[in-house]
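Scroll down for the structure; my scribbles are underneath it.
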Amino acid sequence: MSHLYPHHLTSCFCDVILIPLATWIFLVSFLIALAAGRSRYKADNADPATRDRPSTQPGRIYTAFYSFFVFAALAMTALEIARLIAAHLGIGLLPFTAVGIVFATALHFSNGAHGRVFAWPVLNVFYWLLLVIFLAVKISEELKEGDHARDGSAYKESDEIIDVATMIGVYCVLFILDAMRISRMRRVSALY
């Protein structure tokens, strides 16, 4: 809790507990999906929906778009960490979020390790949604404290709010792109 406002969450709580919680939930869900996928995995992997490749022009555009936003997510995470370090503020477990982003991206581009991870697109959509929700909570708490909570700091609250809001936008786009992938996989599966 904040020493200025006892009914507010601190930035430390958000950076150490709340934001990394999305990645922890994602990784535990991944292990469960991996265990479920092993029992369902076919050696020949004949399901056309899991072998989806960006061989068409729209597929290549989708892949480029997705890659751009993954890069943006990693860059914004690195920027926030660098600015917190430069201002001599703690970074908590924020680097763990980058691990989750890389892991979700690996699932995406490997098609759930070629079908071995059960419902991997749902895991990704769930992960991006958790990040959006938890970062929105972080912004709301920072807005409650106001810009005077870090007087004299090199990394003002208003700057962090802009950075976090940008991350929310990037994660929303990734959420939409993975949701579109689920929709496309369902359409492809219905054809076969």
Backbone HN-Hα couplings from phi across the range 108-113 [Karplus 6.51/-1.76/1.60, Hz, Gly and Pro as x]: 4, 7, 9, 6, x, 6
Karplus (6.51, -1.76, 1.60) ³J(HN,Hα), θ = phi - 60°, over the range 20-37, in Hz, Gly and Pro reported as x: x, 4, 4, 5, 4, 4, 4, 5, 5, 5, 4, 4, 5, 5, 5, 5, 5, x
Sulfur and carbon atoms: percent of accessible area, the range 76-150 [1.4 Å]: 77
Relative packing of peptides 122-133, 68-79 - highest average C-beta neighbours within 10 Å first: 122-133, 68-79
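Using r as the Cβ-Cβ distance of Val122 and Gln57, and R0 as 30 Å, what FRET efficiency do you calculate, to the nearest 0.05?
Approximately 0.65, to the nearest 0.05.
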Mean Cα-pair separation over length for the range 60-192, i.e. relative contact order, pairs under 8 Å, 6 or more apart, %: 32
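The values are calculated or read from the model by the stated rules, or taken from the named source; none is laboratory data. Small disclaimer: the values here were computed from a predicted structure and weren't measured. Note that we place each Cβ from the backbone using ideal geometry, even for glycine, and neighbour counts take in every protein chain shown. The accessibility values were calculated without ligands, DNA or RNA, using every heavy atom of the protein model including side chains. Shrake-Rupley method; radii C 1.70, N 1.55, O 1.52, S 1.80 Å.
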